Amino acid sequence: MEQYQIDGLNKLVNSSVIKSVYPMVDRIDISQDGEFGMPDGKYYRLDVDIHLNNPDIDHNNMYDMGFDPHYLVDYHLRKYLPYFNIDKVIIDFIVWGPEGNVIGSHIE
């Protein structure tokens, strides 16, 4: 995977499209964390840091407040991958509160 693919993906997920669905998202930072071989080919690992702007959201109430990080990653982010010719990825994410506290994560 090339850096221009990651840069383009970062720009797209930080557009107003995602923020109109999830206004509590301040920004999303995506980086590549290596590649590895599997029996069915080469896979890439993406690290996604989701930074929120609402201090009222925490691990216990994020779904009640309309924020689903799994859906954001598994639906919204993954739907953009083909535009950058990215496939066979494993995505890990961390959700950060405005004060830098970890609200949630998913690490494979």
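Can you list the residues, at least 5 places off or on another chain, whose amide H is less than 5 Å from the amide H of residue 105, using H built in the peptide plane?
For residue 105, whose amide H was placed from the backbone, the distant partners under 5 Å are 95.
Which percent, to the nearest 5, of DSSP beta bridges fully inside the stretch 3-106 are antiparallel?
Here the antiparallel bridges make up roughly 65 percent for the stretch 3-106.
What is the gain in length, in nm to one decimal, between residue 85 and residue 43 on full extension, counting 0.36 nm per residue of separation less the C-alpha to C-alpha distance?
Once the chain is fully extended between residue 85 and residue 43, it gains 13.8 nm.
Would you compute, from DSSP H runs of 4+ residues alone, the mean residue ellipticity of the chain at 222 nm, taking -39500 (n - 2.57) per run and dividing by the full residue count, rounded to the nearest 500?
For the chain, the value works out to -4500 deg cm²/dmol.
Going by alpha carbons, how many degrees (0 to 90, nearest 10) lie between the helix axis of 3-13 and the longest principal axis of the chain?
Roughly 30 degrees, rounded to the nearest 10.
What distance in nm separates the two pseudo spin-label positions at residue 53 and residue 74, each 7 Å out from Cα along the beta-carbon direction?
2.7 nm
If you look for lysine pairs in the chain that are eight or more places apart or on different chains, how many of them have Cα atoms under 17 Å apart?
5
Average the reciprocal distances over every distinct pair of alpha-carbons in the chain, invert the result, and give the Kirkwood radius in Å.
14.4 Å
Show me 70-77, 90-97 ranked by packing, highest mean number of other Cβ atoms within 10 Å first.
For the peptides 70-77, 90-97, the packing ranking is 90-97, 70-77.
Sticking with the crude label model, points 7 Å out along Cα→Cβ, report the distance from residue 16 to residue 33 in nm, one decimal please.
3.3 nm
A short reminder: the numbers here are calculations on the coordinates, not readings from a lab. Bear in mind that the values here come from a model prediction, so they are computed numbers and not experimental data. Cβ atoms come from the backbone with ideal geometry, glycine included; neighbour counts cover every protein chain shown.
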